[in-house]
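Chemist: Mind having a look at this structure? Questions to follow.
Every read-out reported here was derived from the displayed coordinates using simple, explicitly stated rules and does not represent laboratory data. The model shown is predicted, which means the values in this text are computed figures rather than measured ones. Here the Cβ positions follow ideal geometry from the backbone for every residue, glycine too, while neighbour counts run over all protein chains shown.
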Amino acid sequence: MTSVTAPAGTGSSRAPVVGLAAQLALLALLGSTLGLTPTGLIAGAAYGLALCGLLGAGLDRAGMTQIGPANAVTLARAILVGGVTAMVVTSFVQPVNTAALVTIAGVALALDGVDGQVARRTGNTTALGARFDMEIDAFLILVLSVYAGDRFGWWWVAIGAFRYAFVAAAFFAPWLNAALPPRFSRKVVAALQGIVLALVTADLLPTVLTLAALTVALGSLTWSFGRDSLWLYRASRIRAAARERWGAPQRRPALVH
């Protein structure tokens, strides 16, 4: 979970503008040194625009004029994800530097623990910071699962798509939006996805072991989402039964003079 400091004055935060400039600078560096395709660079730039636009809107909606140190770490991680995105899109048409891709993705994954530690030590957390952190995690896993899918079968994209499918399903089943009880196993499963996808991206395992690792990752994710969905469904039925039994509170009739 990341943090955002309380507003120190009026005006808008400069963080989204600085973040966009850093994103474009990183893409320029990667494009000149690694030979990324125009399509890859456009994808990275589009990601950067969407990232900084949404961050700016979130800060304005929350009334924040500055981001805290933990969110600054998350923003740095998010910029690295833009570089990963550009490299993965480039890999569709030409080979990319695997060492560079693994290094950038690995640093982005490792920084996930850093921003959480900073947030806990500063004791300054908000819903916006937590959402920012979560969305960057989810998108990085999606991009890495696309890279794995292009090489080992597109069904592995389900690893990254699971979370977005869950969000989409919540539009049709609002009970999926209810709060879940904290579970350590959920964190373990989430960490497993990053570890497996990093190994797959590095191409360190034989094909058989790679497919086995992807199977374990997808299987554990399916179990985790399935268990949470079942818990949410049962909780919604309990709430519905309670409403049916006790009924909605009735308004007292208005007095007529």
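Chemist: Given the -39500 (n - 2.57) contribution per DSSP H run of 4+ residues, what per-residue ellipticity at 222 nm results for the chain, rounded to the nearest 500 deg cm²/dmol?
Modeler: Result for the chain, helices only: -26500 deg cm²/dmol.
Chemist: Between residue 154 and residue 29, what FRET efficiency comes out of the Förster formula 1/(1 + (r/R0)^6) with R0 = 25 Å and r the beta carbon distance, rounded to 0.05? List each step's numbers first, then the result.
Modeler: Numbers: r = 31 Å, r/R0 = 1.22.
About 0.25, to the nearest 0.05.
Chemist: Right, another one. Could you state the angle between the C-alpha long axis of helix 158-172 and the longest principal axis of the C-alpha atoms of the chain, as a value from 0 to 90 degrees rounded to the nearest 10?
Modeler: Rounded to the nearest ten degrees, it is 30.
Chemist: Angle, helix 207-246 long axis vs. longest principal axis of the chain, Cα atoms, 0 to 90°, nearest 10?
Modeler: Approximately 10 degrees, to the nearest ten.
Chemist: For the range 15-246, what is the relative contact order in percent, using Cα pairs closer than 8 Å and at least 6 residues apart in sequence?
Modeler: 18 percent
Chemist: Further question: Just to be sure I understand the model, the point goes 7 Å from the Cα along the line to the Cβ. What's the resulting residue 39 to residue 166 distance in nm?
Modeler: 3.1 nm
Chemist: At a temperature of 10 °C and a viscosity of 1.306 mPa s, determine how fast the range 24-127 diffuses translationally according to Stokes-Einstein, using the Kirkwood radius over alpha-carbon pairs as Rh; express D in µm²/s, rounded to the nearest whole number.
Modeler: 108 µm²/s
Chemist: Looking only at 241, 108, 148, which one moves most when the chain is put into a Gaussian network model with springs between Cα atoms under 10 Å?
Modeler: Among 241, 108, 148, the largest GNM mean-square fluctuation belongs to 241.
Chemist: To continue, here is another question. Test of understanding: ordering 211, 144, 101 by Cβ neighbours within 10 Å, fewest first, what list do you get?
Modeler: Fewest-to-most ranking of 211, 144, 101: 211, 101, 144.
Chemist: Report the one residue of 216, 47, 36 whose Cα lies farthest in the direction of the positive end of the charge dipole of the chain (charges on C-beta: Lys and Arg +1, Asp and Glu -1; origin at the Cα centre).
Modeler: Toward the positive end, the furthest listed residue is 216.
Chemist: Right, next: Using only Cα atoms and rounding to the nearest 10 degrees, what angle (0 to 90) does helix 69-90 make with the longest principal axis of the chain?
Modeler: Relative to the chain, helix 69-90 is tipped by roughly 50 degrees.
Chemist: Also: I need the calculated FRET efficiency for the pair residue 195 and residue 175, taking r as the beta carbon distance and R₀ as 30 Å, to the nearest 0.05.
Modeler: 0.40
Chemist: Let me test this: with uniform point scatterers at the alpha carbons of the range 102-170, what is the Debye-based log₁₀ I(q)/I(0) at q = 0.12, 0.17, 0.20, 0.23 1/Å?
Modeler: -0.40, -0.73, -0.90, -1.03
Chemist: Which whole number in µm²/s is D for the range 155-208 by Stokes-Einstein, with the Kirkwood Rh taken over Cα pairs at 37 °C and 0.692 mPa s?
Modeler: 245 µm²/s
Chemist: Give me P(r) over the range 115-208, computed from all C-alpha to C-alpha distances, binned every 5 Å, as integer percentages.
Modeler: All Cα pairs considered, the percentages come to 2, 11, 16, 21, 20, 13, 9, 5, 2, 0.
Chemist: Can you divide the C-alpha Rg of the chain by 2.2 N^0.38 Å and report the result to two decimal places? Write out the running numbers ahead of the final one.
Modeler: Details: Rg = 21.5 Å, N = 257, 2.2 N^0.38 = 18.1 Å.
Ratio of Rg to 2.2 N^0.38 Å for the chain: 1.18.
Chemist: Springs between alpha-carbon pairs under 10 angstrom, Gaussian network model over the chain: which of 237, 151, 186 fluctuates most?
Modeler: Its mean-square fluctuation being the largest, the pick is 237.
Chemist: Continuing with this model, one more query. Could you give the dipole magnitude of the range 15-246 about its Cα centre, charging the beta-carbon of Lys and Arg +1 and that of Asp and Glu -1, in debye to the nearest 20?
Modeler: For the range 15-246, the charge dipole is close to 940 debye.
Chemist: How many nm is it between the label spots at residue 240 and residue 99, if each spot is 7 Å from the Cα in line with the beta carbon?
Modeler: 5.8 nm
Chemist: Using only the alpha carbons of the range 121-160, determine the length spanned along each of the three principal axes and report them from longest to shortest in whole angstroms.
Modeler: On the principal axes, the range 121-160 reaches 43, 16, 9 Å in Cα extent.
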